[in-house]
Amino acid sequence: KNAKQSQSKNEKAQSVESKLSQKKQQVKKEEQNSPQKGKQMEYKTLRKGIKYIDVVVGRGPIVQDRKKLRVKYVLRAKNHMNGKVIDSSSNFGFRLGKGEVIQGWDIGMEGMRQGGIRRLIVPMQAGYGNRDIGAGRGADLYFEISVLSC
């Protein structure tokens, strides 16, 4: 019985890996055929100097002001790709627009959809001011945020 359960788990894991591999190949093919190919995606600037770029546009509901949402995020110093990780969470909950998070999030997450992934560059005036939270005094903060539910 245990051997059958183990075999079933292995089959499920292989199936998930196969689906992920297929999805990666599909995304790669779409990128190659994209009219944006070769163009650098550009950040859009919001009020208070917050910049964002959607890595993945979600297909779920749009986040609502004053409503509870759950996100996964990584905060880095210097840049999104290889900057030192300062903070992260795989399941962080808050209400958008209520001041429960820094202004950079309240402003920068507007319009996101569930399932979306967005990169935010938050300047000190929309973040933690002149405090050093691990990136240096007054440094820009580099977040990658995924909306899990809203």
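The values are calculated or read from the model by the stated rules, or taken from the named source; none is laboratory data. Please read all numbers here as calculations on a predicted model, not as lab measurements. Heads up: the accessible areas ignore ligands, DNA and RNA and are worked out on the full protein's heavy atoms, side chains in. Shrake-Rupley method; radii C 1.70, N 1.55, O 1.52, S 1.80 Å.
Which percent of the accessible heavy-atom area of region 57-107 goes to carbon and sulfur, probe 1.4 angstrom? Carbon and sulfur: 45 percent of the exposed surface of region 57-107.
If amide H atoms are built 1.01 Å from N in the plane of the peptide, which residues on other chains or at least 5 residues away come under 5 Å of the amide H of L141? So L141 has HN proximity to V122. All C-alpha to C-alpha distances of region 58-136, sorted into 5 Å bins beginning at zero, yield P(r) values of 3, 14, 24, 28, 18, 10, 3, 0 percent in whole numbers. Once the 1.4 Å probe is applied to the protein heavy atoms, region 58-124 comes out at 54 Å² accessible per residue.
For the pairs K44/K68; K48/K98; K44/K67; K48/K78; K78/K98, flag any whose C-alpha to C-alpha distance is greater than 22 Å.
Values: K44/K68 25 Å; K48/K98 17 Å; K44/K67 24 Å; K48/K78 19 Å; K78/K98 28 Å.
Listed pairs above 22 Å: K44/K68; K44/K67; K78/K98.
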